[in-house]
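Computed from the coordinates by the stated procedures, all read-outs in this text should not be read as laboratory data. What you are looking at is a predicted structure, and each value in this text was computed from that prediction instead of being measured. FYI the Cβ positions are ideal-geometry reconstructions off the backbone, even for glycines, and counts take in every protein chain you see.
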Amino acid sequence: MPDKQQKPLILGSTSPFRKELLERLRLDFSTDSPDIDETPLQDETPEDYVIRLSLEKAKAVATRHDDALIIASDQCSVLNGEIRGKPGNHQNAVTQLTESSGNRVSFLTGLCLYDCSDQSYQLEMVPFHVDFRDLSAREIESYLQAEQPYGCAGSFKSEGLGVTLFKRLEGEDPSSLIGLPLIKLSEMLRIKGFLLP
């Protein structure tokens, strides 16, 4: 019977949310921070942005490892065709949620599985769409005080109280909304010989 896991697995992220998601697959892995510049390029589309950063993160981590598989992902929220990143502070989060109120926001997640041994990689972009309810200023303030999601794209945590902000969700993989598309990742790992249930 083949080993469940063929190579060391490294999550190229310090995100506790991505770490928690990857733990669902019950594989052994370690984490390593990619620490790259995440500034969008001029005229870069949101799709190209998350794909590029996922690959750059994987390559940055790969420089410190010889024979491992690196998992890297990047996510952005998109409203009216414009990239919106993590709010960083309370006022930016108020602005983001006010703009999202009553609108559809798309969350694009780039995913890369990079093989350090031969520099080959699999690269995908997984979309997920969120229709926000009409939110009052009081609801926005109450939500932000409760969860303080200032490091989350779109200014909410869908795995927490953020779900109360939505009217409808649309997408193939709910884990992509949190930042690591497990359905697509499982497919990539199986291609590399990992034995998953």
Checklist entry - Once the piece of chain linking T14 and L27 is laid out straight, how much longer is it, given 0.36 nm per residue of separation minus the C-alpha distance between them? => result 3.0 nm
Item to check | Residue pairs, from the table K59/K86; K157/K192; K57/K157; K7/K59; K59/K157; K86/K192, whose Cα atoms sit over 21 Å apart | outcome: K59/K86; K157/K192; K57/K157; K59/K157; K86/K192
Checklist entry - Roughly speaking, what is the stretch gain from Y150 to I36, that is 0.36 nm per residue apart minus the C-alpha to C-alpha distance, in nm to one decimal? => result 39.1 nm
Checklist entry - For the stretch 12-69 and the stretch 107-144, what is the separation of their Cα centres, given in Å? => result 13 Å
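S120: net charge of surrounding residues, Cβ under 14 Å, Lys/Arg +1, Asp/Glu -1, itself excluded?
The answer is 0.
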